[in-house]
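Visitor: Sharing a structure below in structure tokens format, with a few things to ask.
Only the coordinates and a few stated rules stand behind these numbers; no lab work does. Note that the structure is a prediction, hence the values are computed from the model and not measured. When we count neighbours, we look across all protein chains shown, and the Cβ atoms used for this are built from the backbone with ideal geometry, even at glycine.
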Amino acid sequence: MRTPVLMLIFGSMYFAGCVSFPKSSMRIFPNGTYQQQIIVDQRTTQETKHHQLGAILVTEEEKISIIGLSPFQTTLFRMHGDRFGMAVDFVDPKFEENQSYLNMMGSFIRDVAWRNRSQVIKNKWQSRGIEIETLEKDENSIFRNIQMHHANFDANIRTLSYELNK
């Protein structure tokens, strides 16, 4: 039951980049801190489940951190890593049963965390069977709305606020 929620959280982190570490200003999410809202509609054979979560994404030159938040803004888990791997720390013990799934999603997040803007052609790209579409940029060219489509889910990731590192 928690797996779809986690998939949504990690899907939102998908936007970040490529393992090749482009310069910060060339990344989809340049070095900084991003507050995000993630809405996921998970399709099962019987129904569609709606999930809403929060996330704090922190990108640095060679590191990425993600804090998964409940709808009440309490911390559920933390992920951190670099181009070689991701690790998960659980705050809510209920999420520990999904550790293998979170580890798998960590590699997906890592791939996106450093994606170079030049790799995004016509605001669409595909990775690991997920079609990603960037819908709007602000005056700093930060993607504020990203949609993901997969056979099992649709996700919308909105960047609510951010602060870029200088």
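Visitor: Report the gain in length on full extension from N31 to I56: 0.36 nm times residue separation, minus Cα-Cα distance, nm rounded to one decimal.
Guide: Full extension from N31 to I56 adds 7.7 nm.
Visitor: Loop only per DSSP, at most 11 neighbouring Cβ atoms within 10 Å: give me the chymotrypsin sites (Phe, Trp or Tyr not before Pro) in the stretch 23-101, ordered by residue number.
Guide: Taking the stretch 23-101 and a limit of 11 other Cβ atoms within 10 Å, the loop chymotrypsin sites (Phe, Trp or Tyr not before Pro) found are F72, F84.
Visitor: Still on this structure, please answer the following. If each of D92 and S161 carries a label point 7 Å out from its Cα toward its Cβ, how far apart are those two points in nm?
Guide: 2.2
Visitor: Just tell me which aspartates and glutamates come within less than 14 Å, Cα to Cα, of K166; anything on the same chain fewer than 8 places away is out.
Guide: E60, E61
Visitor: Quote to one decimal, in nm, the extra length available between K63 and D154 on full extension: 0.36 nm per residue of separation minus the C-alpha distance between them.
Guide: The span from K63 to D154 would gain 30.0 nm if fully extended.
Visitor: For a footprinting-style exposure proxy, rank T33, T159, T74 by other Cβ within 10 Å, fewest first.
Guide: So the ranking, lowest neighbour count to highest, is T74, T33, T159.
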